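Can you read through this structure? Questions will come right after.
Read-outs: derived from the displayed coordinates by stated rules, not from any lab. Remember, predicted model here, so these are calculated numbers, not experimental data. Cβ coordinates were reconstructed from backbone atoms using ideal geometry, including for glycine residues, and neighbour counts include every protein chain displayed.
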Amino acid sequence: MYKQQVKALFKNLSKGHNEASRMSIETGPYIFHYIIEGRVCYLTMCDRAYPKKLAFQYLEDLKNEFERVNGAQIETAARPYAFIKFDTFIQRTKKLYLDTRTQRNIAKLNDELYEVHQIMTRNVQEVLGVGEKLDQVSQMSSRLTSESRIYADKARDLNRQALIRKWAPVAIVLGVVFLLFWVKTKLW
């Protein structure tokens, strides 16, 4: 059943239905993990309890060694088992990764935990930095709000002064003309 699933998975991958270059696919009590690099797919099937990081580290080790040993011959492979000699490396590496409690694998997991811890620490520091930046932005926003009120008041004053300068001479002339008519009508 799992061989059929792998064949169907390879068929889908070869058609380009799955663009992810790294993925884990659940299937019953197992999980398929794969890495696609160039035109080569590196695939392993593990128990659900097996650490994902170790599974991908195993695939990375296979990929790196395969590219180192057979990188130039990949495009010229004409038969399905052209790289059968690579199986010895696969079996040796598989033995190293079988027991998740070995010192080597625990060290790899601890390295991964350390990397995640560093990322989390960095993220917390970035968030704190963003908090400080948000405070600065908030202060700038309140300063801009008060300055915009001042600007609006000054703009209103300037508009009033421009209106007075524009219409004051006309109002004075009209006032003088009305005053002359009034004086003329009172005196005559």
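Just to check I understand the Karplus step: with θ = phi - 60° and J = 6.51 cos²θ - 1.76 cosθ + 1.60, what whole-Hz values come out for region 78-83, glycine and proline as x?
Once θ is set to phi - 60°, the couplings for region 78-83 become 10, 10, x, 10, 5, 10 Hz.
Let me ask another. Among the lysines, which fall within straight-line cross-link reach of K3, defined as a Cα-Cα distance under 27 Å, with same-chain neighbours fewer than 8 residues apart omitted?
K11, K15, K52, K53, K63, K85, K94, K95
Mind checking region 1-70 for GluC sites (Glu not before Pro) that DSSP puts in a loop (not H, G, I, E or B) and that have at most 11 other Cβ atoms within 10 Å?
Qualifying residues, ordered by number: E19.
Within region 6-40, what residues put their amide N at less than 14 Å from the label point 7 Å along the Cα-to-Cβ vector of K52?
21-27, 31-35
Apply the Karplus parameterisation 6.51 cos²θ - 1.76 cosθ + 1.60, with θ equal to phi minus 60°, to every residue of region 55-61 and state each ³J(HN,Hα) to the nearest whole Hz, in sequence, with x for glycine and proline.
These are the phi-based 3J(HN,Hα) values: 4, 6, 5, 4, 5, 4, 4 Hz.
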